[in-house]
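Colleague: A single structure is presented below for examination.
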Amino acid sequence: MSPASTPSLLSVAGLRKVYTTRHGDIKALDGVSFDIAPGETLALVGESGCGKSTLASALLGLASFDTGTITIDGNATTAHSRWTKMPPRRDVGVVFQNPQSSLDPKMKVRSIIGEPLQTIGVRGDALTERVTELLNQVGLGPEFVRRYPHQLSGGQQQRVAIARALAREPRMLILDEPTAALDVSVQAQILKLLKALQAKSNVSYLFITHDLGVVDYLAHRVAVMYLGRIVETGPVSDVFTDPRHPYTRALLDAVPVIDPSRRRQQAPLDGEVPSPINRPSGCSFSPRCRWATSVCRASEPQIFEEGQQRGYLCFHPMSRGESGSSAESS
Ligand code: ADP
Ligand code: MG
């Protein structure tokens, strides 16, 4: 875990993003704030549609955001209009879920990995040398420079995508479900590689996933998102053993447990994620929450901080070792 005194590499403050659609406005990001220290992995978890990819796009400068500030290594970008985007950055790399669609099928590996280097003037033998070095870092031999993506397995393709993301030695990688499309055994190898790369280079990761096993293995801290807001954040070990937000509890309960005596009886999550257009009033989790009371339906909880490291948005946080909430359930 990074000590609280370490200056952040990435700092996101009050980020908001609304998509205007024919059916109404979607608050994809509704005041998102967090920090990542150098060499730290923050996992971002939450069900599909909660805004994870929108956040990644805003950080990468691929999409605009409406309000808020993104600061990377001391350089701040503050939204002044709906069209504010991060400037293109050399110090943030990205790996997407699906290597088939992120790697150009007509390009050889040398060009795929070399492209971000060519844009900064690396050419010829120097380029081949650097590409070979990057391939070596991700566990692939020099013979791969001449191959096309379709000649590679899914795991090899994702290694190439990681090598490309690392080409300009970014201080941070955004990994948007990078192993979700891979077989379990290949997944494990890629996660191990990412861990080793971080240990060597002190690169920071924002790791987007809905696999809590992956979070446990790779991340130092976790941020749980629900409908555009971070509803709980803290060190992985604390949040997983002692969640405060009922939604975090529900996500943890939904993880299959092999030992039947540890299996929980209750249905982990009632109901569907509400439509992001017609959001419920008050706490947006309240319609699915077994412990919601009138206050939850009437007003939105603001962040409750617990020490320097933990925070949650809940009027009735769960307490240690409890499977219910501290509120009376009715
Ligand atoms: P996640 O990655 O967590 O699945 P997304 O960031 O992709 O979530 O989406 C968040 C919300 O914004 C969803 O309700 C989604 O339908 C909506 N959304 C995403 N991209 C667009 C877009 N380009 N136009 C309109 N709505 C969008
Ligand atoms: Mg997504």
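Taken together, the values in this text are just the output of simple stated rules run on the coordinates, not laboratory data. In this text the structure is predicted, and so the values were computed from the model without any measurement. A quick note on method: Cβ atoms are made from the backbone with ideal geometry, for glycine too, and the neighbour counts reach across all protein chains shown.
Colleague: Just the number, please: Stokes-Einstein D of the range 101-169 in µm²/s, Kirkwood Rh from C-alpha pairs, 20 °C, 1.002 mPa s.
Modeller: For these conditions, the coefficient is 185 µm²/s.
Colleague: Could you give the nm distance between label points at Val295 and Ile120, where each point is 7 Å from its Cα heading toward the beta carbon?
Modeller: If labels sit at Val295 and Ile120, their model points lie 5.2 nm apart.
Colleague: Can you tell me the dipole magnitude for the chain around its Cα centre, using point charges on the Cβ only (Lys, Arg +1; Asp, Glu -1), in Debye to the nearest 20?
Modeller: 700
Colleague: Among DSSP beta bridges lying fully in the chain, give the percent that are antiparallel, nearest 5.
Modeller: If we restrict to bridges inside the chain, about 65 percent are antiparallel.
Colleague: Let me ask something else about it. For the chain, what are the DSSP H helices with axial Cα length of 15 Å or more and mean Kyte-Doolittle hydropathy of at least 0.5?
Modeller: 184-201
Colleague: If you don't mind, another one. Taking the Cα centre of the range 3-80 as origin, sum charge times position over the Cβ atoms of Lys and Arg (+1) and Asp and Glu (-1), and report the length of that vector in debye to the nearest 20.
Modeller: Details: 5 positive and 7 negative charges, 52 e Å.
Roughly 260 debye for the range 3-80.
Colleague: Suppose every Lys and Arg Cβ carries +1 and every Asp and Glu Cβ carries -1, with no other charges. What dipole size does the range 276-318 come out with about its Cα centre, to the nearest 20 debye?
Modeller: The dipole of the range 276-318 has a size of about 240 debye.
Colleague: Which residue, Leu313, Ser299, Leu55, has the largest displacement toward the positive end of the dipole of the chain when charges sit on each Cβ (Lys, Arg +1; Asp, Glu -1)?
Modeller: Projecting each Cα onto the dipole axis, the largest value belongs to Leu55.
Colleague: Among Val215, Gly68, Tyr247, which residue has its Cα furthest toward the positive end of the charge dipole of the chain, with +1 on Lys/Arg Cβ and -1 on Asp/Glu Cβ?
Modeller: It is Gly68, whose Cα lies furthest towards the positive end.
Colleague: Toward the positive end of the charge dipole of the range 101-169, about the Cα centre and with charges on Cβ (Lys, Arg +1; Asp, Glu -1), which of Leu135, Val160, His150 goes farthest?
Modeller: Projecting each Cα onto the dipole axis, the largest value belongs to His150.
Colleague: Right, something else. Determine the relative contact order of the chain: mean sequence separation of Cα pairs under 8 Å and six or more apart, normalised by residue count, in whole percent.
Modeller: Working: 624 pairs, mean separation 61.9, N = 330.
Computed over the chain, the figure is 19 percent.
Colleague: May I pose another question? How big is the chain on each of its three principal axes, counting only the C-alpha atoms and giving the largest first in Å?
Modeller: 70, 52, 44
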